[in-house]
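The structure appears below as structure tokens.
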Amino acid sequence: MPRHLNDVTLTWLLLMLSGTMSCQAVSSSLPLGTAWQATPFKRVNTAAQVAADLPALNVPAPTGRIIFIGVHGGNPPTWDDAEWFDPQQWLPYQAIDLQDQRAVTEIAYRESVMHVAALQIGRHFPNSITIMIRGDSQVVSDLLEAIYCVRDRILLVGHSFGGQVVEELARDLKRRQIAVDALVYIESFWSNGSVPNNVKRALNFYVPASFTLCRGLETIKAEDPIGTEAINIAIPNPRGPYSGICAEHRNIDSDPRVWKDIFDRIITKIDFQQSIFNQPAS
């Protein structure tokens, strides 16, 4: 069989097993809330449509903004089928107390650790843009080009095939001589794991397993070990809503250890003039 057909077959198999083309059993390991609503992703065809829906931010020119983009797994669609969601604009999220660990854990359990990271960024950095998206590398590249301004700080996170998307985006930004503050892989599929030297800090979360049909990227390495901090973090037996084949690959995107590490290793280390982390106590 030709090599490209092998790749197509493997892609189809991974998509099925990771739940994008088939249903898997949902575990009852956590109590199911009665009031939870699925987050309302919006269909979109151009980057301009997303940019127009983002809130107008009054940002002093010298400081810029935080731009957080989280890319979901599954088969990354083109603009014809792309979807996006702004966690900061959704009323149920606005009402959540991020100090309430049970509420935050439920967000990760129901949606994604990336939603939690986006909310944390939004609360700690008022002049920030947080976007969750289902799209391929061209979609995300177009989107960032439409909203990026000089001095903005870029944080990229991707789960499963979303990890490949954000890695490709980081390389595209390298060609454009744009720095990336953080690049986070969560059980990434088909990324080469070579972190480009425009990235300041990279984390790679993976499930350690001797055998699995849905093996994520286990090791990342920095092109420039001096200028880029690259850390590999094993998450054994991740806790999440799924059971069955490839459940661990999907559940890592709900595990509290992941969003807590993103908070501790990325968000609290952002050197930003208006951050609450470096403001003097009143």
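Nothing in this text is a laboratory measurement; each read-out follows from the coordinates by a stated rule. Keep in mind the model is a prediction, meaning the values are calculated, not measured. When we count neighbours, we look across all protein chains shown, and the Cβ atoms used for this are built from the backbone with ideal geometry, even at glycine.
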> What are the residues whose amide H is under 5 Å from the amide H of A230, where those residues sit 5 or more places off or on another chain and H is modelled from the backbone?
Replying inline: A202
>> Name the residue from L119, L144, I129 whose Cα lies farthest towards the positive end of the charge dipole of the stretch 82-146, charges +1 on Cβ of Lys and Arg and -1 on Cβ of Asp and Glu.
In response: L119
> Hey, which lysines would be in cross-link range of K269, C-alpha to C-alpha under 27 Å, not counting anything within fewer than 8 residues on its own chain?
Replying inline: K174, K200, K221, K260
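Could you tell me what percent of the DSSP beta bridges with both partners in the stretch 52-203 are antiparallel, to the nearest 5?
Numbers: 3 of 24 bridges.
Here the share of antiparallel DSSP bridges comes out near 10 percent.
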>> Need one number: nm distance between label points at Q89 and Q101, each 7 Å from Cα along Cα→Cβ, rounded to one decimal.
In response: 3.4 nm
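Can you give the translational diffusion coefficient of the stretch 39-270 in µm²/s, computed by Stokes-Einstein from the Kirkwood radius over Cα pairs at 10 °C and 1.306 mPa s? Don't skip to the end; give the middle numbers.
Working: Rh = 17.5 Å.
In µm²/s, the coefficient rounds to 91.
Sum up the charges of everything whose Cβ sits under 13 Å from the Cβ of I67, counting Lys and Arg as +1 and Asp and Glu as -1, but leave I67 out. List each step's numbers first, then the result.
On the way: positive: R65, R151, R153; negative: D86, E145, D152, D181.
Value of the local net charge: -1.
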